[in-house]
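S.K.: Got a structure here, written out as structure tokens. Questions coming.
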Amino acid sequence: MKSDHDYVVTLPHVSEFPEPMAVKKGDRVAVGELYDGPEGWPDWYLCSVPGQEAGFVPEQIIDRHADGFGTMLEDFTNRELNVVEGEVLYGERQLNGWLWATRVSDGASGWVPLDNIRARGTAS
């Protein structure tokens with residue numbers, strides 16, 4: 001049965017960040033530069049916490065402070081999901097050009113660019 005949250009991968013995606021960061025609600029993060037790549041993904045800030053690789057975090061979930069730091073408003077990981085064309089995903093949340101999705105075949109989850117997927121049942 002088709003769900004409004006089912007997607008098909010139209011372009012493969014492989015993460016360039018093998019060690020994703022994971023933060024919890026209430027964690028203090030250093031907020032760095034705004035992402036400015038050719039893809040046009042808005043409102044992702046490079047954040048860092050001690051002991052982890054820096055990673056991009058959506059602005060909506062950071063309570064930013066004037067001192068260059070912020071407090072996380074919810075748990076978050078910037079883990080990306082490696083996908084290949086034709087895979088079916090269950091989408092859970094869209095933020096700033098990305099979808100948090102779970103691969104139906106094995107239950108793996110992570111972020112996938114919206115430009116690489118389409119809703120099932122729609123033309124490519």
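S.K.: Can you pull out the residues in region 6-15 that are more than 16 Å from the chain's Cα centre (by Cα) and either in a loop (DSSP other than H, G, I, E, B) or surrounded by fewer than 16 Cβ atoms within 10 Å (Cβ to Cβ) (or both)?
M.R.: Within region 6-15, Thr10, Leu11 qualify.
S.K.: Quick one: which of Arg103, Arg120, Arg79 is of a type in the set (D, E, K, R), under 28 Å from Arg28 (Cα atoms) and surrounded by 13 or more Cβ atoms within 10 Å (Cβ to Cβ)?
M.R.: Arg79
S.K.: Between a residue in region 95-112 that is closer than 20 Å to Gly40 by Cα and any residue that is exposed (fewer than 14 other Cβ atoms within 10 Å of the Cβ), which pairs come within a Cβ distance under 6 Å, given they are 6 or more apart or on different chains?
M.R.: So the pair list comes out as Asn96/Pro42; Trp100/Glu92; Trp100/Arg93.
S.K.: Now for a different question. What number of residues in region 82-100 are closer than 29 Å to Val31 by Cα, out of contact with any helix residue (DSSP H, G or I) (no Cβ under 8 Å at 6 or more places or on another chain) and not in a loop (DSSP other than H, G, I, E, B)?
M.R.: Final tally of qualifying residues: 4.
S.K.: I'd like the full set of residues that are in a loop (DSSP other than H, G, I, E, B), loosely packed, with under 15 Cβ neighbours inside 10 Å and in contact with a Leu (Cβ under 8 Å, 6 or more places away or on another chain), limited to region 16-57.
M.R.: Result: Lys25, single match.
S.K.: Taking the conditions exactly as written (charged (D, E, K, R), farther than 19 Å from Gly107 by Cα and assigned to a loop (DSSP other than H, G, I, E, B)), does Asp67 satisfy them or not?
M.R.: Yes; evaluated as a whole, the condition is true for this residue.
S.K.: From the residues in region 60-76 that are exposed (fewer than 11 other Cβ atoms within 10 Å of the Cβ) and touching a residue at least 24 places away in the same chain (Cβ under 8 Å), which one is farthest from Pro20 (Cα to Cα)?
M.R.: It comes out as Gly68.
S.K.: If only one of Val57, Val104, Val83 is within 18 Å of the chain's Cα centre (by Cα), of a type outside the set (D, E, K, R) and farther than 21 Å from Glu19 by Cβ, which one is it?
M.R.: Criteria check complete, one pass: Val104.
Each reported figure results from applying straightforward, stated rules to the coordinates on display, with no laboratory input. Quick caveat: nothing in here was measured; it's all calculated off a predicted structure. Glycine gets a Cβ as well: all are built from the backbone with ideal geometry, and neighbour counts include every protein chain shown.
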